[in-house]
Amino acid sequence: MRDLVIFGAGDIAALAAFYFTEDARRRVVAFTVDAAFRQGDTFLDQPLVAFEEVATLYPPDRYELFVALSYSKLNRIRSEKCAAARGLGYTLPSYVSSCASVFGDLSHGDNCFILEDNTIQPYARIGRNVTLWSGNHIGHHSVIEDDVFVASHVVISGGVRIGEGCFIGVNATLRDHITLGPRCVVGAGALLLADAEPEGVYMGTATERARIPSSRLRGI
């Protein structure tokens, strides 16, 4: 198993290094970012090198590379960096937590980041460069296409299809056998009961403050 370089120098990169090291038992040897965003020579006590030089310093026949970025610009930046790394010849490993509930037939692409307490039922399929933050339910026969970010405690019912580039916020619920077109944004706490057209935005309703202060509540 080859040593690992991580693209990124922020919180998600730090988490990726932790999970790969502590759970997957991979050795992280360096971090990389575009030269314009490189601040300093190290990150987490490891070398921080310019992406423009990474293939020379850590050649793809000896190292693998994981892109640890957020959902910025509907996952497009993460997708572009994955494509650039593949173009350099890198293998992009995926991380699937040992504390996730998955089955032997789980199908997923490269550069996936699947954290603890995800339940992924049989016959679900996950594309390339998909992030599943902690605590989600992915129903049977559902399909998550490439470059998707699913935040925590999302319920994706059986037979759902999520198009490429979507973002699904915390505590969202998707009923069974619906399809989300590409690049949809589903906000925190939203409930989807029907198909979503491409680039749709669905926002949950925030809880309003009650008119009385907490000091006047009698039952608490």
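The values are calculated or read from the model by the stated rules, or taken from the named source; none is laboratory data. Worth saying up front: this structure is predicted, and the values here are computed from it rather than measured. Backbone-built Cβ (ideal geometry, glycine too); neighbour counts: all protein chains shown.
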Exercise for the section: Could you tell me which of the residues E145, E199, E164 is farther than 23 Å from Y123 by Cα and acidic (D, E)? Expected result: E199
Practice task
Mind listing whichever residues of segment 61-102 are within 15 Å of D34 (Cα to Cα), among the small types (G, A, S) and touching a residue at least 60 places away in the same chain (Cβ under 8 Å)?
Solution key: A68, S79, A85
Exercise for the section: Filter segment 96-148 down to residues that are buried (at least 20 other Cβ atoms within 10 Å of the Cβ), outside any loop (DSSP other than H, G, I, E, B) and hydroxyl-bearing (S, T, Y), then give me how many there are. Expected result: 1
Practice task
Scan segment 64-81 for residues that are touching a Lys or Arg at 6+ places or on another chain (Cβ under 7 Å) and under 10 Å from D147 (Cα atoms) and jot them down.
Solution key: L74
Practice task
Name the one entry in D176, D110, D105, D146 that is closer than 16 Å to S79 by Cα, without any contact (Cβ under 8 Å) to a residue 40 or more places away in the chain and either among the hydrophobic types (A, V, I, L, M, F, W, C) or out of contact with any strand residue (DSSP E or B) (no Cβ under 7 Å at 6 or more places or on another chain) (or both).
Solution key: D110
Practice task
Being assigned by TED's automatic domain parsing to the domain that holds C166 and either without any contact (Cβ under 8 Å) to a residue 12 or more places away in the chain or exposed (fewer than 10 other Cβ atoms within 10 Å of the Cβ) (or both) is the filter here, so list the residues in segment 190-220 that pass it.
Solution key: L193, A194
Completion exercise
Of the conditions (1) surrounded by fewer than 20 Cβ atoms within 10 Å (Cβ to Cβ); (2) under 26 Å from E22 (Cβ atoms), the single one that K81 does not satisfy is (1)
Handout entry: 1 or more residues in contact with a Leu (Cβ under 7 Å, 6 or more places away or on another chain) and closer than 30 Å to G169 by Cβ: qualifying strands (runs of 3 or more DSSP E) within segment 1-74
Key = 3-7, 28-33, 63-67
Fill in the blank from the handout: Filter segment 10-56 for residues that are surrounded by fewer than 14 Cβ atoms within 10 Å (Cβ to Cβ) and among the acidic types (D, E); the one that is nearest to V96 (Cα to Cα) is E22
Exercise for the section: Inspect segment 188-202 for any residue being under 12 Å from the mean Cα position of the chain (by Cα) and not in a strand (DSSP E or B) and give the result as yes or no. Expected result: no
Handout entry: From S134, S101, S79, S157, residue being in the same structural domain as R25 (by TED's automatic domain parsing) and either modelled with pLDDT under 95 or of a type in the set (S, T, N, Q) (or both)
Key = S79
